[in-house]
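Every read-out reported here was derived from the displayed coordinates using simple, explicitly stated rules and does not represent laboratory data. Small disclaimer: the values here were computed from a predicted structure and weren't measured. When we count neighbours, we look across all protein chains shown, and the Cβ atoms used for this are built from the backbone with ideal geometry, even at glycine.
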Amino acid sequence: MTKSELHNRTKKFNIDVINLCKEFSKNAVGYEIAKQLIRSSGSVGANTRASARAKSTDDFINKIAIVIEEVDESLYWLEIVNETELIGMIC
């Protein structure tokens, strides 16, 4: 996978999450989970792009570690959406 393909995929992931969150209930639960999920999925793409501008190997590793954490957080929120049937089964 090229750098451009990775950037496009992580951007699409964030856009897909935003579109998914539009389907959430318009209440406190829906808003809070949407906020958390949109932030973590957005961070995946942002930090993937930032890793391409790393100043050193250690900086690159740190940025990729953040990406991994944010992907895991996004997965957590998607599991919560699925298990609470906030919009029906998605995974």
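Look through Asp58, Asp16, Asp72 and report the one residue that is more than 18 Å from the chain's Cα centre (by Cα), at negative phi and not β-branched (Val, Ile, Thr). I'd like the intermediate steps shown before the answer.
Working: Asp16 fails: more than 18 Å from the chain's Cα centre (by Cα); Asp72 fails: more than 18 Å from the chain's Cα centre (by Cα).
None of the others qualify; the one that does is Asp58.
Need pairs with beta-carbon distance below 6 Å; first residue farther than 14 Å from Cys21 by Cα and within the stretch 69-89, second in a helix (DSSP H, G or I) and among the hydrophobic types (A, V, I, L, M, F, W, C); sequence gap 6+ or separate chains.
Glu70/Val44; Val71/Val44
Mind telling me which of the residues Ala34, Ala50 ends up being touching a Cys at 6+ places or on another chain (Cβ under 6 Å), touching a residue at least 12 places away in the same chain (Cβ under 8 Å) and part of a helix (DSSP H, G or I)? Lay out the reasoning, then the answer.
Details: Ala50 fails: touching a Cys at 6+ places or on another chain (Cβ under 6 Å).
Selected residue: Ala34, the only one of Ala34, Ala50 that is touching a Cys at 6+ places or on another chain (Cβ under 6 Å), touching a residue at least 12 places away in the same chain (Cβ under 8 Å) and part of a helix (DSSP H, G or I).
Condition check: assigned to a helix (DSSP H, G or I) and either loosely packed, with under 13 Cβ neighbours inside 10 Å or within 14 Å of the chain's Cα centre (by Cα) (or both). Does Glu85 satisfy that? Walk me through how you get there before you give the answer.
Values: assigned to a helix (DSSP H, G or I): no; either loosely packed, with under 13 Cβ neighbours inside 10 Å or within 14 Å of the chain's Cα centre (by Cα) (or both): yes.
No, not satisfied.
Restricting the search to the stretch 53-68, which residues are small (Gly, Ala, Ser) and not in a helix (DSSP H, G or I)?
Step one: of the stretch 53-68, the residues small (Gly, Ala, Ser) are 54, 56, 65.
Within the stretch 53-68, Ala54, Ser56 qualify.
From the list Ala46, Ala52, exactly one residue is surrounded by 13 or more Cβ atoms within 10 Å (Cβ to Cβ) and among the small types (Gly, Ala, Ser). Which is it?
Working: Ala52 fails: surrounded by 13 or more Cβ atoms within 10 Å (Cβ to Cβ).
Going through Ala46, Ala52 in turn, just one is surrounded by 13 or more Cβ atoms within 10 Å (Cβ to Cβ) and among the small types (Gly, Ala, Ser): Ala46.
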